[in-house]
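The next block holds one structure in the form of structure tokens; read it before the comments.
The values are calculated or read from the model by the stated rules, or taken from the named source; none is laboratory data. Note that the structure is predicted; figures quoted are calculated from it, not measured. Cβ placement follows ideal geometry from the backbone for every residue including glycine, while neighbour counts extend to all protein chains displayed.
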Amino acid sequence: RVVDAEVSPDDQATLTARYTARAVDFLERAGSAADGRPFFLYLAHSMPHVPLFVGREFRGTSPDGLYGDVLAEIDASVAALLAALDRTGHAESVLVRFDPDRISYATLLRAFWRNVDPLDGEGQFCDRGSSYRPVIFTGSADQLEQASESERLARQELGTSGALAVAIEPLKRFWRAEDYHQDYAERQALTYNFYRWRCGRDARLDAVWGEQARLPVVWKTATAFPTNAG
């Protein structure tokens, strides 16, 4: 339905900014991850489609003309939304259920470390932002101890004495993603593998971990410790 039949070009030029302001306001009111409240935000920008309008701040800023100006404003909108999302403290994660009689927590920890870039706390590979930061969420005091020791052994394998960018935090609450996210790499192998290649994931893992990349084998040059067994 028509919300306002008397919309002027000046009104249209502020549409992206108004979308952004309302979406940011929603995210700020939705609460933080600690509040335990899930939320859903869907924002489909109008301006990639004709007729094109752009805010005054972005008008004439792109060498690609009006369409370039529009995309620059949308890029800035997405950046503002990601910054607002970062402030909520949410992190995209995977809940792992395992049988300790068949595979140890220590083995899972090694597999985790060798599949992330532990030097990058601002996201992972081409996925940027706090919600993509690397985190180990622990469910018990024993898991916390093993995760902390695995971080020490990872530093030893990498030959660095400085702190790594992987956070270790207690698990508070986990929200299951929609069904289309489940087993995505298997169900959409072609799409996923292209994304993985385009992101430079394996190239970066090889650069960081060398021959140990992606493998849950025992820590290289690690001293004897229960975390290194299994």
Quiz prompt | In the stretch 117-158, the residues that are closer than 25 Å to residue 98 by Cβ, of a type in the set (Lys, Arg) and within 9 Å of the chain's Cα centre (by Cα) | solution = 133
Self-check item: Hits in the stretch 51-65 (condition: assigned to a helix (DSSP H, G or I) and surrounded by fewer than 16 Cβ atoms within 10 Å (Cβ to Cβ))
Solution: 56, 57, 65
Quiz item: Hey, residue 68 hits all of (1) more than 17 Å from the chain's Cα centre (by Cα); (2) closer than 21 Å to residue 11 by Cβ; (3) not in a loop (DSSP other than H, G, I, E, B) but one; which does it fall short on?
Solution: (2)
Exercise. Among the residues of the stretch 68-104, count how many are in contact (Cβ under 8 Å) with a residue 60 or more places away in the chain and under 30 Å from residue 157 (Cα atoms).
Key: 4
Quiz item: How do the pairs read when you match residues in the stretch 177-189 that are touching a residue at least 40 places away in the same chain (Cβ under 8 Å) with residues anywhere that are loosely packed, with under 10 Cβ neighbours inside 10 Å and not acidic (Asp, Glu), using Cβ under 9 Å and keeping only pairs 6 or more apart or on different chains?
Solution: none
Practice problem: Could you grab me the full set of residues in the stretch 173-198 that are at pLDDT 90 or above, closer than 18 Å to residue 112 by Cβ and not basic (Lys, Arg)? | Solution: 185
Practice problem: Among the residues of the stretch 185-196, count how many are loosely packed, with under 14 Cβ neighbours inside 10 Å and under 17 Å from the mean Cα position of the chain (by Cα). | Solution: 2
Quiz item: Across the stretch 131-148, what is the total count of residues that are in a loop (DSSP other than H, G, I, E, B) and surrounded by 15 or more Cβ atoms within 10 Å (Cβ to Cβ)?
Solution: 2
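Each row is one residue, and each column tells you yes or no for (1) more than 25 Å from residue 202 (Cβ to Cβ); (2) surrounded by 19 or more Cβ atoms within 10 Å (Cβ to Cβ); (3) touching a Pro at 6+ places or on another chain (Cβ under 8 Å).
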site	(1), (2), (3)
98	no, no, no
106	no, yes, yes
115	no, no, no
150	no, yes, no
179	yes, no, no
Practice problem: Kindly indicate the residue of the stretch 84-96 that is part of a loop (DSSP other than H, G, I, E, B) and hydrophobic (A, V, I, L, M, F, W, C) and also surrounded by the fewest Cβ atoms within 10 Å (Cβ to Cβ) among those meeting that condition. | Solution: 94
